[in-house]
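Heads up: the structure comes next, in structure tokens.
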Amino acid sequence: VVQIMQYSGIIVEQIEPIIYVESGSDFTMEYRIINTGNHVDRFLFEFLYDSRVQLENEGFHISIPMRSVELYSGGVAMVRAIVRAPSDGSDWPINSKGVHEMTFTAEISVQSDFSCSYEATGCNTVSVIQTITVYEEASEPEKIISGTSEDQTLIYAGSGGAILLLLILFVAMKKRK
């Protein structure tokens, strides 16, 4: 008599590891889950609690339409999180292109339901880290103040010219006296 014990196995692949989105826009985070165990298993998909709380505190809105999926051995499924980026990035630093930009990370986990119930080693969980960079166009005054305006050369040249004119005017007035 041969008894083959069931075991769990998970592979999680990010479809787009780095996401670059505009503030206030909706986007989808997609993951491919592969059952590498030797029998059917249910996989639970979620954001880790601390990661989700941090993102929501920053203004993200997260929706996970399908929180679990059942797969046979070798089965593959796509799971998604629908996310809305924060709508206001005006407090974020301005990058060299004159854009407010902030990078966030989200930690997503996939857990084997079978392993939590039957394996002595405990829950088999795989986590992946998603990088999300959100940008928002800066206003022209912000670009000028930060020194990232496309008209920066014109501003510096104009300022230098005005200082030079004042210096010439000052020297001319001094010679008159």
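One table, with the values for the structure above:
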| item | result |
| --- | --- |
| Close pairs from segment 87-110: first at positive phi, partner part of a loop (DSSP other than H, G, I, E, B), Cβ under 9 Å, at least 6 apart | Gly98/Ala138; Gly98/Thr148; Gly98/Ser149; Gly98/Glu150 |
| Every residue from segment 40-81 that is touching a residue at least 12 places away in the same chain (Cβ under 8 Å), open to solvent by less than 80 Å² (accessible area, probe 1.4 Å) and over 17 Å from Gln111 (Cα atoms) | Leu55, Gly59, Phe60, Ile62, Ser63 |
| Any hit, segment 64-76, residues being part of a strand (DSSP E or B) and within 23 Å of Thr131 (Cβ to Cβ) | no |
| Members of segment 90-122 found to be polar (S, T, N, Q) and either within 26 Å of the chain's Cα centre (by Cα) or crowded, with 18+ Cβ neighbours inside 10 Å (or both), listed by number | Ser90, Asn95, Ser96, Thr103, Thr105, Ser109, Gln111, Ser112, Ser115 |
| Out of Thr121, Thr103, sole residue that is modelled with pLDDT of 90 or more and out of contact with any helix residue (DSSP H, G or I) (no Cβ under 7 Å at 6 or more places or on another chain) | Thr103 |
| Counted residues, segment 134-163 - those being at pLDDT 70 or above, among the aliphatic types (A, V, I, L, M) and open to solvent by less than 100 Å² (accessible area, probe 1.4 Å) | 3 |
| Residues within segment 83-141 that are under 30 Å from Phe43 (Cα atoms) and outside any strand (DSSP E or B), tallied | 14 |
| Selected residue (criterion: farthest from Thr125 (Cα to Cα)) from residues of segment 1-43 that are part of a strand (DSSP E or B) and hydroxyl-bearing (Ser, Thr, Tyr) | Tyr20 |
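The values are calculated or read from the model by the stated rules, or taken from the named source; none is laboratory data. Bear in mind the structure is a predicted one, so any value in this text is a computation, not a measurement. Positions of Cβ are generated from backbone atoms using ideal geometry, with glycine treated the same way; all protein chains shown enter the neighbour counts. All accessible areas refer to the heavy atoms of the entire protein, side chains included, with ligands and DNA or RNA removed. Shrake-Rupley method; radii C 1.70, N 1.55, O 1.52, S 1.80 Å.
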